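K.L.:
Here's a structure for you.
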Amino acid sequence: MTQRGLFIVVEGCDRSGKSTHCAKLVEKLNSNGIDAELIKFPDRTTQTGKMIDSYLQQKSDLDDHAIHLLFSANRWEAMKILFEKLKNGKTLVVDRYAFSGVAFSSAKGLDLEWCKNPDIGLLTPDLVLFLDLDINEAEKRGGFGEERYEKRELQIKVREEFMKLKDESWKLINAGQSKEKVEQDIWAVIEEARNSLDTTKSLQYNLWK
Ligand code: DGP
């Protein structure tokens, strides 16, 4: 029987280095003989993704609840494909997931429990790596750009909301260190997870249940 892959989520505030470290992690997993692939949410290529992209680029406006539901739909529409990949042995490194969904919307003022609802029952990740970076450091990294959420006060609030979602599957990584050190810390967590996680246990559609 094929052993299923690991479902690894990488979360963090904007400018925390997620994209860089997700790409590096996939590369390292593959070079260590672990078949791995990068998945990114939101997936801006689908119909819901195009609406999200337009909203993020501030080309369109939407009610906070409506955009929240679109982000969630963007994840739900990918679930079957993700499930099949994992079941067939592929390890997935997922850049943002439902935790971003809740953290960003609740930071804007929506009720946290309400925000969790549409994502209840998504596939539950094996491991969540949270790249933790001080807001002053984040701002030094080329400054925030033009997208909707790239603002200091909001990012501070987003981090607070993220911390409310932390459970035993979360590992906080100090993202303010050198790239090499962050990479090392991430790899140490992955190695530990590979030894301790039971991948004979099937994947569960039970996030926040
Ligand atoms: P990224 O492509 O990773 O830079 O994400 C784009 C922006 O969208 C970023 O500011 C974080 C935000 N974001 C990501 N996922 C969600 C979500 O599910 N809900 C909300 N409200 N915002 C999200």
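K.L.:
Sort 11-23, 82-94 by the packing proxy (mean of other Cβ within 10 Å over each peptide's residues), most packed first.
P.N.:
Answer by packing, highest mean first, reads 11-23, 82-94.
K.L.:
Using Cα pairs closer than 8 Å and at least 6 residues apart in sequence, work out the relative contact order for region 62-176, in percent.
P.N.:
Numbers: 85 pairs, mean separation 37.8, N = 115.
After rounding, I find 33 percent.
K.L.:
Can you check what the net charge comes to around Ser60, using other residues whose Cβ is under 15 Å from the Cβ of Ser60 (Lys, Arg +1; Asp, Glu -1)?
P.N.:
-2
K.L.:
Something else about it: For region 119-156 and region 6-34, what is the separation of their Cα centres, given in Å?
P.N.:
15
K.L.:
Viscosity 0.890 mPa s, temperature 25 °C: what is the translational diffusion coefficient of the chain from Stokes-Einstein with a Kirkwood Rh over Cα pairs, rounded to a whole number of µm²/s?
P.N.:
D = 140 µm²/s.
K.L.:
Please give the length that would be gained between Glu139 and Ile81 if that part of the chain were fully extended, namely 0.36 nm times their separation in residues minus their C-alpha to C-alpha distance (nm, one decimal).
P.N.:
17.3 nm
K.L.:
Here is a follow-up. Cut-off under 19 Å on the C-alpha distance; same-chain residues fewer than 8 positions from Lys164 excluded. Which aspartates and glutamates are left, in chain and number order?
P.N.:
Answer for Lys164, where 19 Å is the Cα cut-off: Glu11, Asp14, Asp111, Glu113, Asp119, Asp126, Asp132, Asp134, Glu153, listed by chain and number.
K.L.:
Straight distance only, please: which lysines reach the Cα of Lys179 with their own Cα at less than 23 Å, same-chain residues fewer than 8 apart left out?
P.N.:
Leaving aside lysines fewer than 8 places away in the same chain, those within reach of Lys179 are Lys18, Lys24, Lys28, Lys40, Lys140, Lys171.
K.L.:
Can you send over the carbon and sulfur percentage of the accessible area for region 1-73, probe radius 1.4 Å, protein chains only?
P.N.:
On the way: 1860 of 3570 Å².
The C+S portion of the solvent-accessible surface of region 1-73 is 52 percent.
K.L.:
Continuing with the same structure: Beta carbons within 10 angstrom, averaged per residue: use that to sort the peptides 138-146, 181-189, 166-174, highest first.
P.N.:
Put in order of decreasing packing, that is 181-189, 166-174, 138-146.
K.L.:
Based solely on its DSSP helices, what 222 nm [θ] is calculated for the chain when runs of n ≥ 4 H residues each add -39,500 (n - 2.57) and the sum is averaged over all residues, nearest 500 deg cm²/dmol?
P.N.:
-14000 deg cm²/dmol
The values are calculated or read from the model by the stated rules, or taken from the named source; none is laboratory data. Everything numeric here is computed off the predicted structure, so don't read it as measured data. All Cβ positions, glycine included, derive from the backbone under ideal geometry; neighbour counts span all protein chains shown. Keep in mind that these areas ignore ligands, DNA and RNA; they rest on the heavy atoms of the full protein, side chains included. Shrake-Rupley method; radii C 1.70, N 1.55, O 1.52, S 1.80 Å.
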